[in-house]
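Okay, structure first, notes after.
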Amino acid sequence: MLARAFALIMALLVSPAAWAEDDVTVTLRELLGQYRCPVVDRLEQIYKAAPSSHPQNLFLIVYFAARPNDYVQCVFDPLTHMFCEAASGFYDNKANEPRTRWLPASAIAALDRLGFSTDDSAGNFRVSFDLPEPPDLNAIADLILKALHDAFDARAGVTLLIEAPLAPRPTGKCVPVS
């Protein structure tokens with residue numbers, strides 16, 4: 001009897017954590033389902049245009065329509081390396097004004113788990129990595145979207161915008177399923 005009561009108590013204690021993890025997995029899967037293809041499409045356009053383009057145009061920014069200061073941006077450097085930043089709040093104010101926004105510790109911890117730096121004393125949170133030939137654009141898109149999901153609460157249904165000088169519009173290869 002005591003063993004069964006203990007098992008029941010343990011199940012009740014463990015279950016909420018398992019449910020929360022499942023919710024995070026579900027919300028990330030939904031976000032990836034909505035935005036992975038559009039982000040990969042833009043990365044692919046940039047990668048293909050890179051050999052004949054100015055290096056300063058090899059970037060992509062994914063940000064919230066309603067909160068443009070919450071973003072993740074990545075740049076090909078030039079085609080063998082990727083440098084990404086997640087917004088920290090450091091650049092929200094003009095250079096001569098005091099800083100007014102910092103990310104919460106939970107957001108910084110989420111970025112840390114993804115490999116981003118955690119020092120925002122002089123700029124954004126950063127991560128860089130070498131790229132194989134050809135690069136895994138799905139993995140890059142997943143990193144961008146996971147950072148937006150985990151640190152900035154991006155969820156499916158929210159409007160994310162994509163800015164990229166070499167990929168100003170989608171190609172049409174990502175057809176929404178209704």
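The values are calculated or read from the model by the stated rules, or taken from the named source; none is laboratory data. A quick note: this is a predicted structure, and the numbers were derived from the prediction, not measured. Cβ placement follows ideal geometry from the backbone for every residue including glycine, while neighbour counts extend to all protein chains displayed.
Apart from one condition, residue 65 fits all of (1) farther than 17 Å from residue 143 by Cβ; (2) touching a strand residue (DSSP E or B) at 6+ places or on another chain (Cβ under 6 Å); (3) surrounded by 14 or more Cβ atoms within 10 Å (Cβ to Cβ); the exception is (3). Checked against the criterion of being at pLDDT below 95 and part of a helix (DSSP H, G or I), the candidates 41, 22 yield just one match: 22. Can you spot a residue in segment 86-96 that is in contact (Cβ under 8 Å) with a residue 24 or more places away in the chain, closer than 16 Å to residue 42 by Cα and among the polar types (S, T, N, Q)? No, that holds for no residue.
Going by the structure shown, is residue 112 among the acidic types (Asp, Glu), more than 12 Å from the chain's Cα centre (by Cα) and surrounded by 11 or more Cβ atoms within 10 Å (Cβ to Cβ)? Yes; evaluated as a whole, the condition is true for this residue.
The single residue among 128, 88 that is closer than 21 Å to residue 154 by Cα, within 19 Å of the chain's Cα centre (by Cα) and small (Gly, Ala, Ser) turns out to be 88. Taking the criterion of being among the basic types (Lys, Arg), buried (at least 17 other Cβ atoms within 10 Å of the Cβ) and over 13 Å from the mean Cα position of the chain (by Cα), the only residue of segment 21-61 that qualifies is 42. Selection of segment 130-155 for residues being crowded, with 16+ Cβ neighbours inside 10 Å and small (Gly, Ala, Ser) yields 141, 147, 151, 154. Considering only residues in segment 69-83 that are touching a residue at least 24 places away in the same chain (Cβ under 8 Å) and aliphatic (A, V, I, L, M), the one that is farthest from residue 147 (Cα to Cα) turns out to be 79.
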